[in-house]
Amino acid sequence: MSTFQVPKLSRRGFCMCCVGVASAGVAGGWLSPREAYAEAHQLVGMIRGAAAKADITTFKLRGDVAVLEGSGGNIAVFAGKQGKVMIDAGITATQPKIKQALADLGRQPVTHLVNTHWHFDHADGNEWIHAAGAKIVAHENTKKRLMQTQRVEDWDYSFPPSPAGAIPSETFTADQHVDYEGCELHLICYEPAHTDSDIGVHFVEQNVLHTGDTYWNGIYPFIDYSTGGSIDGKIAACAKSLSMVDDRTIVIPGHGAPVSNKAELQAFHDMMVSVRDNVAALKAKGMSVGEVVAAGPTAAFDKSWGKFVITPGLFTQLVYEGV
């Protein structure tokens, strides 16, 4: 277990860590998003298999809030006197290691689980955490998505409906303040951004904000157009988060180095605005997606952001789809 520090970016914290090989053909040329992901051969299964082997690293933040890195998306935990509150559930394959990490934070049971959105690398563990006694809380659209078959075209994958135990029992569609285990949480509803089910969670007293997948720290993000996401929505969500943080806020991204801050969140926002504007200008000239990728509209950011499976070429394609 680590005390609060800014960790180096690691592949563990990235839900597609095991498919970095898929990006090799994209960086210098054009493949459709589906083709790019197809190179990974059974992407979702590979992610789950890699998660089973991954270690869980705990970073203690402040005021009994910690973040667990290594199971899909970054997981926040508040350890109250009588119970724990989890933000996101990770991937079921990491269940034994997550259980151990939770036990290391105290013997209290998990009483509440909040999903930041419906994607499997954030909600796959819902069923076992609920079976252990937790109430699941989420945006209404997360419940709707988990109850039905969901097709993510860019992953070339259809997710079956989740089991009954994985379905949130408490939902909302507007910002609200709640108190779980003596911890005041501000549950923030974003407009459709990464998906149409995104929320953020602000631990008010501790001044810690979990943004879910509206923010990926140090890496180009995925945008799920199949379930309501958009580049403009991603930018708007970041702007909303920025309006709620200050220089002391600890920001937990959905993916990437799990301990971040306002300056890094601002840099992510500004990168997306610049790339969107570059791509939009080229598309307005009548250029095809392949021509836009070849023009390198992300070039100024590639060294810093183009490190993992969402390569410059793939990110350009995702932005192109939304402008």
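The values are calculated or read from the model by the stated rules, or taken from the named source; none is laboratory data. Nothing here was measured: the structure is a model prediction, and the numbers come from that model. Glycine also receives a Cβ, built like all others from the backbone with ideal geometry; neighbour counts cover every protein chain displayed. When the accessible area is computed, the model is the full protein with side chains, heavy atoms only, and any ligands, DNA or RNA have been set aside. Shrake-Rupley method; radii C 1.70, N 1.55, O 1.52, S 1.80 Å.
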Failed item in (1) assigned to a helix (DSSP H, G or I); (2) surrounded by fewer than 13 Cβ atoms within 10 Å (Cβ to Cβ), with T142 passing the rest: (2)
Complete set of residues in the stretch 36-78 that are polar (S, T, N, Q) and at pLDDT 80 or above: T57, T58, S71, N74
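Let's see how each residue does on (1) more than 19 Å from G212 (Cα to Cα); (2) surrounded by fewer than 17 Cβ atoms within 10 Å (Cβ to Cβ):
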position: R48; (1), (2): yes, no
position: I56; (1), (2): no, no
position: L61; (1), (2): no, no
position: D64; (1), (2): yes, no
position: G80; (1), (2): yes, yes
Tabulated pairs, the stretch 115-142, first of a type in the set (A, V, I, L, M, F, W, C), second open to solvent by 40 Å² or more (accessible area, probe 1.4 Å), C-beta under 7 angstrom, 6+ apart or interchain: W118/R145; W128/T92; W128/Q95; A132/P109; I136/H130; I136/S169; V137/E170; A138/T171
Residue in the stretch 125-136 that is touching a Gly at 6+ places or on another chain (Cβ under 9 Å), modelled with pLDDT of 95 or more, of a type in the set (F, W, Y) and open to solvent by 20 Å² or more (accessible area, probe 1.4 Å) present: yes
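Rundown of residues vs (1) within 30 Å of E184 (Cα to Cα); (2) at pLDDT 95 or above; (3) charged (D, E, K, R), yes/no style:
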residue	(1), (2), (3)
G229	yes, yes, no
T249	yes, yes, no
I252	yes, yes, no
E264	yes, yes, yes
V275	no, yes, no
V292	no, yes, no
G306	no, no, no
I310	no, no, no
Positions within the stretch 298-323 being buried (at least 24 other Cβ atoms within 10 Å of the Cβ) and more than 14 Å from P221 (Cβ to Cβ), in sequence order: G313
Residue list for the stretch 72-126, filter: in a helix (DSSP H, G or I), among the acidic types (D, E) and closer than 20 Å to K60 by Cα: D104
Filter result for V279 (under 17 Å from the mean Cα position of the chain (by Cα) and either in contact (Cβ under 8 Å) with a residue 12 or more places away in the chain or open to solvent by 30 Å² or more (accessible area, probe 1.4 Å) (or both)): no
Residues of the stretch 145-180 satisfying the condition of being open to solvent by 70 Å² or more (accessible area, probe 1.4 Å), part of a helix (DSSP H, G or I) and touching a residue at least 12 places away in the same chain (Cβ under 8 Å): M147, E153
